[in-house]
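Undergrad: I have a structure here, written as structure tokens, and I will follow up with some questions on it.
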Amino acid sequence: MATAQLTASSISTRNLPSFPGLRPSIVKVGPSVGHCRVGSVLSQRSFRGLVVKAATVVAPKYTSIKPLGDRVLIKIKTAEEKTDGGILLPTTAQTKPQGGEVVAIGEGKTVGKSKVDISVKTGTQVVYSKYAGTELDFNGSKHLILKDDDIVGILETDDVKDLKPLNDRVLIKVAEAEQKTAGGLLLTEAAKEKPSIGTVIAVGPGPLDEEGNRKPLSLTQGSTVMFSKYAGNDFKGKDGFDYIALRASDVMAVLS
């Protein structure tokens, strides 16, 4: 069987693909096969050139999208470009939107012998799971097509405490982090541990059982609960408090 040997002398940096901001002089090919070492002197332009566009672009010839089954099409809210004080935010500091307006819905799904309709209507303002669905570029705007179950709740105002959770989700007001240690030492912001305890603010109607009927959640409004530390969607309320919307299954205990 023939073998091929790749050496440093057989490769010219002239044949290597170049990116804006990447200096040819800092590309070095090592003696080992397939080994390429790139220096650390990269400008910001080089990173912009390597960004991969994840959204699916819908060609202009298509004028409508009809979701199927239990899927929903949402027009995504644009990211905030300024702070409340009017300071312009760089792209890296802009919060990725987690909400938008429902513009089209599917026909629903069948569970057992029951037909279950979509839990939201067109025109409804909703909040959805962070990494759910497929992003689309459609009619010059960002859209998201996702399953009905990936919608966290309905939010018709700009304050998260008014969120109405859907399905098996609950909204929790997170307890404030401890300001001092047990010995009385003040903690810095970096040293404060993220709390996983809070108060239930709102409860969804519950999940569907095998027959397509809603099964009410055992959690009640006003209960103090302990929840999984890295679950759900985090929000900052207008009152300055932290809120989290998560599935009831991510609540580990009720405290009293």
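The values are calculated or read from the model by the stated rules, or taken from the named source; none is laboratory data. Note that this is a predicted model, so its numbers are computed, not measured. With ideal geometry, Cβ positions are generated from the backbone for all residues, glycine too; neighbour counts draw on all protein chains shown. When the accessible area is computed, the model is the full protein with side chains, heavy atoms only, and any ligands, DNA or RNA have been set aside. Shrake-Rupley method; radii C 1.70, N 1.55, O 1.52, S 1.80 Å.
Undergrad: Answer yes or no: is there a residue in region 151-167 that is polar (S, T, N, Q) and open to solvent by 40 Å² or more (accessible area, probe 1.4 Å).
TA: yes
Undergrad: Kindly provide the set of residues from region 235-254 that are in a strand (DSSP E or B) and in contact (Cβ under 8 Å) with a residue 60 or more places away in the chain, ordered by number.
TA: Passing the criteria: Phe235, Lys236, Asp242, Tyr243, Ile244, Ala245, Leu246, Arg247, Val251.
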